[in-house]
Amino acid sequence: MRRLFAVIAICLANVVSPALAADGAQSRAIGYSKDWKYFAFEQYGIQDGSGFPFWEIYMLDLAADSWVKGTPVRIRIDDEEGRLTTARDQAYAAARPLLDKLAINEPADLLAANPGTEDVPDRTVVRFDAYYNSAGPYARPEDRGTYEISVKTITVPSVQNCPDPDIELFGMELTLRNRRTGKAVTLARDSAIPSSRFCPSAYDIEAIHAPASYGTEARNVAIIGVFSRGFEGLDRRFIAVPFDMAD
């Protein structure tokens, strides 16, 4: 099956002045649909260069690995004095009919979190368990983190619309490994750079989400950070990759 990424576009249009340095968006899971077929998340921040607040809502068809028709919902307040709360309210007002239609009201568990501000030895790999480890912090290190997800850059054909020819561009490969069995599966591998990713030069892992319910077969979702050329440095946005656990 051809894997489709839910890719969040890099918003660089209508840049007016160097008001801010490069920006890193925040991400948050909204949740799953009642039938576990859909997953929604949001990203938001203050746009690089313009200083405009933005808020975007994405809904994924987990089986098709694609956006739900009518999404993403993107709101930008074209005012440096604008507030994120205004962008959020407008985004939810626009997205609410579809959120309600798909019954996206089931919570998501956060299995791993790696925000862009956290200082970790390696931002390209996270280890996590599918469920809470009842031994908590007293578990031996080898008994924690059954699963490992890693992302690496790969060389793919270059894109033609990048303004800085000195920045080397890369695609990504995402791998899931079961640390107990040793089984590894490739969750995603680029053959080309999607135009909506603009000019990506690096990737990291933002978060791993799972349905907050035992016994469901709903897919998990890896949120991957994408570093792309911004107005005053590298901006960070996200792509989402649904996946199943490796045995």
* To do: Report yes if some residue within the range 85-108 is under 15 Å from the mean Cα position of the chain (by Cα) and among the hydrophobic types (A, V, I, L, M, F, W, C); otherwise report no.
  => yes
* To do: Return the total of residues in the range 227-239 being surrounded by fewer than 23 Cβ atoms within 10 Å (Cβ to Cβ) and among the aliphatic types (A, V, I, L, M).
  => 1
* Report the residue count in the range 142-161 for those that are of a type outside the set (S, T, N, Q), at negative phi and modelled with pLDDT under 95. => 6
* **Single unsatisfied condition, Tyr138 versus (1) more than 23 Å from Ala207 (Cα to Cα); (2) of a type in the set (Phe, Trp, Tyr); (3) at pLDDT 95 or above** => (3)
* Asked: Looking at the range 18-105, what strands (runs of 3 or more DSSP E) fall wholly within it and have at least 2 residues that are charged (D, E, K, R)?
  -> 53-61, 73-76
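Table: residues versus (1) modelled with pLDDT under 95; (2) of a type outside the set (Val, Ile, Thr); (3) over 25 Å from Glu118 (Cα atoms).
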{"position": "Arg2", "(1), (2), (3)": "yes, yes, yes"}
{"position": "Phe5", "(1), (2), (3)": "yes, yes, yes"}
{"position": "Ala19", "(1), (2), (3)": "yes, yes, no"}
{"position": "Gln26", "(1), (2), (3)": "no, yes, no"}
{"position": "Ala40", "(1), (2), (3)": "no, yes, no"}
{"position": "Tyr44", "(1), (2), (3)": "no, yes, no"}
{"position": "Phe54", "(1), (2), (3)": "no, yes, no"}
{"position": "Tyr58", "(1), (2), (3)": "no, yes, no"}
* In the range 138-156, which residues are loosely packed, with under 13 Cβ neighbours inside 10 Å and assigned to a loop (DSSP other than H, G, I, E, B)? -> Arg140, Thr155
* Asked: How about the range 106-130: which of its residues are of a type in the set (Asp, Glu), farther than 23 Å from Met172 by Cα and in a loop (DSSP other than H, G, I, E, B)?
  -> Asp129
* From the list Pro107, Pro137, Pro157, pick out the single residue that is farther than 21 Å from Ser228 by Cβ and free of Cβ contacts under 8 Å to residues at least 40 places away in the same chain. => Pro137
* What are the residues in the range 28-62 that are of a type in the set (Lys, Arg) and more than 12 Å from the chain's Cα centre (by Cα), if any? -> Lys34, Lys37
* Structure fact -> Residues in the range 55-66 that are crowded, with 23+ Cβ neighbours inside 10 Å and either farther than 11 Å from Ala240 by Cα or touching a Cys at 6+ places or on another chain (Cβ under 9 Å) (or both) total 3
* Asked: Which of the following residues is over 19 Å from Arg237 (Cβ atoms) and over 19 Å from the mean Cα position of the chain (by Cα): Arg144, Arg189, Arg127?
  -> Arg144
* Only residues that are loosely packed, with under 13 Cβ neighbours inside 10 Å and within 22 Å of the chain's Cα centre (by Cα): list them for the range 169-186, please. => Thr186
* Asked: Under the condition of being among the polar types (S, T, N, Q) and part of a strand (DSSP E or B), which residue from the range 190-247 is nearest to Gln47 (Cα to Cα)?
  -> Ser228
* Asked: Quick one: is Leu174 modelled with pLDDT of 95 or more, in contact with a Leu (Cβ under 7 Å, 6 or more places away or on another chain) and either among the small types (Gly, Ala, Ser) or within 23 Å of Phe39 (Cβ to Cβ) (or both)?
  -> yes
* Asked: Within the range 50-61, can you find the residues that are over 14 Å from Arg88 (Cα atoms) and touching an Asp or Glu at 6+ places or on another chain (Cβ under 7 Å)?
  -> Gly51
* To do: Please tell me if Val159 is surrounded by 13 or more Cβ atoms within 10 Å (Cβ to Cβ) and either outside any loop (DSSP other than H, G, I, E, B) or not hydrophobic (A, V, I, L, M, F, W, C) (or both).
  => no
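The values are calculated or read from the model by the stated rules, or taken from the named source; none is laboratory data. Note that the structure is a prediction, hence the values are computed from the model and not measured. All Cβ positions, even for glycine, are placed from backbone atoms using ideal geometry, and neighbour counts span all protein chains on display.
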